Structures are given as C-alpha cells and as structure tokens.
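**Q** One structure follows; several queries about it will come next.
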C-alpha cells in the first residue's frame, strides 16, 4: 500500500470513529477517557493524523460499543443501534438527503409527536399559540391537535 492509500485509509477510519463518537453524544474528552488515550491523540486519530495500534483499536471499539470490524465499514456515517431504525437510515441514504433536510424532517416529526428537541435553542422553537399549550409547532401557530380542532370547527361552520 502506498503512502497516499495509507493516508486515505487513516482518514476514513478517523471519520468513522468521529461519526460513531458523535452518534453516541460523547465529547472527545469522554471518548478519550473511555479509551484510555489522550485527548490530543483522539483528535489526531479523528483527523487521520495517527495510526492506532491493534490494542488501541480494541479499546476504541469497546468504548463505542461496536465490533472492531465496524470501525472499518465504509460509508457508514450513521450508526444504527436499533434495527427498527434501519429503514429511516436507509431512506435518508437512498434519497441522498442533506443534513439540513434531515434536520427539517426531525423537526417535523418532533412537532407531529409533541417531542421536545433537546439540541435546539429554546428561542428558535415556535410554540403553539393556544393559551397554556407549550407544544412545538412548525407553522400556522398551532400544534397538530389544536390545528385540527380549529379546522373541524371551520368545516362545521361552513356546512351550517
């Protein structure tokens, strides 16, 4: 293997480790502690700047709770823990969704099911205009239950 191929392989490994770490919401500091490596080594590893020993690869796989082979799986930026999530990941990949599109779908799902998005700035989240209701909304100022209640009332008025 020539040096260019080696560097490309290390960069691929680094991207994979970073994606797995971020998928588990671990900081580099937490990850490094779990692996028994320094934060600077973890940073270099994720950038493809260091080649880990086999022993370190075993520690990394253990810290990320994946088999060692999964560290080398190509094109697997999204890690799926629950097999039922595989359809969502597969859909996003086949549809070639951008990160922004995926974030928008997550926001739609959160509004539909009344789930609070933890990573969003509270000032950015629109809330239902109905007094006493704090559910997140995407548009029209009302959460799904209040929107449908108002829609049914309008339809009944139109029929009368």
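The values are calculated or read from the model by the stated rules, or taken from the named source; none is laboratory data. All figures in this text were calculated on a predicted structure; none of them were measured in a lab. Cβ coordinates were reconstructed from backbone atoms using ideal geometry, including for glycine residues, and neighbour counts include every protein chain displayed.
**Q** Restricting attention to segment 13-33, which residues are surrounded by fewer than 17 Cβ atoms within 10 Å (Cβ to Cβ), part of a helix (DSSP H, G or I) and within 11 Å of the chain's Cα centre (by Cα)?
**A** Once the filter is applied, which keeps residues that are surrounded by fewer than 17 Cβ atoms within 10 Å (Cβ to Cβ), part of a helix (DSSP H, G or I) and within 11 Å of the chain's Cα centre (by Cα), segment 13-33 yields 19, 22, 23.
**Q** Also, quick follow-up: Considering only residues of segment 52-72 that are surrounded by 14 or more Cβ atoms within 10 Å (Cβ to Cβ) and in a loop (DSSP other than H, G, I, E, B), which is modelled with the lowest pLDDT?
**A** 66
**Q** Another question, then. Which residues, counting only those in segment 74-113, are modelled with pLDDT of 75 or more, loosely packed, with under 14 Cβ neighbours inside 10 Å and in a loop (DSSP other than H, G, I, E, B)?
**A** If the condition is that a residue be modelled with pLDDT of 75 or more, loosely packed, with under 14 Cβ neighbours inside 10 Å and in a loop (DSSP other than H, G, I, E, B), then 95, 96, 98 are the ones that fit.
**Q** Determine which single condition residue 50 fails, assuming it passes every other condition in (1) in contact (Cβ under 8 Å) with a residue 40 or more places away in the chain; (2) within 21 Å of residue 99 (Cα to Cα).
**A** (2)
**Q** While we're here: Would you pick out the residues in segment 34-51 that are more than 21 Å from the chain's Cα centre (by Cα) and exposed (fewer than 15 other Cβ atoms within 10 Å of the Cβ)?
**A** Answer for segment 34-51, where residues must be more than 21 Å from the chain's Cα centre (by Cα) and exposed (fewer than 15 other Cβ atoms within 10 Å of the Cβ): 36, 38, 39, 40, 49, 51.
**Q** Taking segment 1-30 on its own, how many of its residues are over 13 Å from residue 60 (Cβ atoms) and touching a residue at least 60 places away in the same chain (Cβ under 8 Å)?
**A** 2
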